[in-house]
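*Asks:* Here it is, the structure in full.
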Amino acid sequence: MPKLSAADTSAAVDRFMAALDHPFKPEIQALRPAILAVHPGIAEGIKWNAPSWRTGDYFATTHLRSKTGFSLILHLGAKARDLPEGGLAIADPTGLLKWLGKDRAQVGFSSAADLQTKLPALQALLRQWISHI
């Protein structure tokens, strides 16, 4: 388990969100408990100047600089990992994942309704994703 800092806490995310000026702030705020509900071992913190989620290592970080909404970047933490040929095996029946590499994917959200529609499938994807952390 990596050494935790003051940034690796929900309090740090609360402070970050209080100061955040973003058109999708309510949606980002709604995403927080939805991700935490996926598994009791998930915690949140600030990584790469954005709300992020971890088990042992960070596996998801919000991408706040999109011009058309916001997105969630799924990754495998800071350390390189040995992966199977072709990358991670993640079942994505609804096609939410936009693969950015064999160990990194993105899920985009364009509105509050879009977030609510995608949440159940996202939570199922996250259950699979964290099994690789």
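*Asks:* Would you check which residues across segment 94-117 are among the basic types (K, R) and in a loop (DSSP other than H, G, I, E, B) and list them?
*Replies:* To start, the set of residues in segment 94-117 that are among the basic types (K, R) comprises 98, 102, 104.
Hit for segment 94-117 is K102, nothing else.
*Asks:* Now, a different point. Within segment 82-99, does at least one residue satisfy the condition of being open to solvent by 40 Å² or more (accessible area, probe 1.4 Å), at pLDDT below 95 and farther than 25 Å from S131 by Cβ?
*Replies:* no
*Asks:* While we're on this one: Could you check segment 17-50 and list, in sequence order, the residues that are open to solvent by 40 Å² or more (accessible area, probe 1.4 Å), assigned to a helix (DSSP H, G or I) and not small (G, A, S)?
*Replies:* K25, P26, Q29, P33, L36
*Asks:* Of the residues that make up segment 52-63, is at least one in a helix (DSSP H, G or I) and either in contact (Cβ under 8 Å) with a residue 40 or more places away in the chain or within 19 Å of Q116 (Cβ to Cβ) (or both)?
*Replies:* no
*Asks:* Could you check W129 against (1) closer than 20 Å to A6 by Cα; (2) in a helix (DSSP H, G or I); (3) touching a Leu at 6+ places or on another chain (Cβ under 6 Å) and say which number it fails?
*Replies:* Going through (1) closer than 20 Å to A6 by Cα; (2) in a helix (DSSP H, G or I); (3) touching a Leu at 6+ places or on another chain (Cβ under 6 Å) one by one, W129 breaks only (1).
*Asks:* Report, ordered by the first and then the second residue, all pairs with beta carbons closer than 6 Å, sequence separation of six or more or different chains, a first member in segment 92-105 that is farther than 13 Å from K118 by Cβ, and a second member that is surrounded by 13 or more Cβ atoms within 10 Å (Cβ to Cβ) and small (G, A, S).
*Replies:* W99/A105; K102/G87
The values are calculated or read from the model by the stated rules, or taken from the named source; none is laboratory data. Computed from a predicted structure; not experimentally measured. For neighbour counting, all protein chains shown are included, and Cβ atoms are generated from backbone atoms with ideal geometry for every residue, glycine included. Heavy atoms of the whole protein, side chains included, go into the accessibility calculation; ligands, DNA and RNA do not. Shrake-Rupley method; radii C 1.70, N 1.55, O 1.52, S 1.80 Å.
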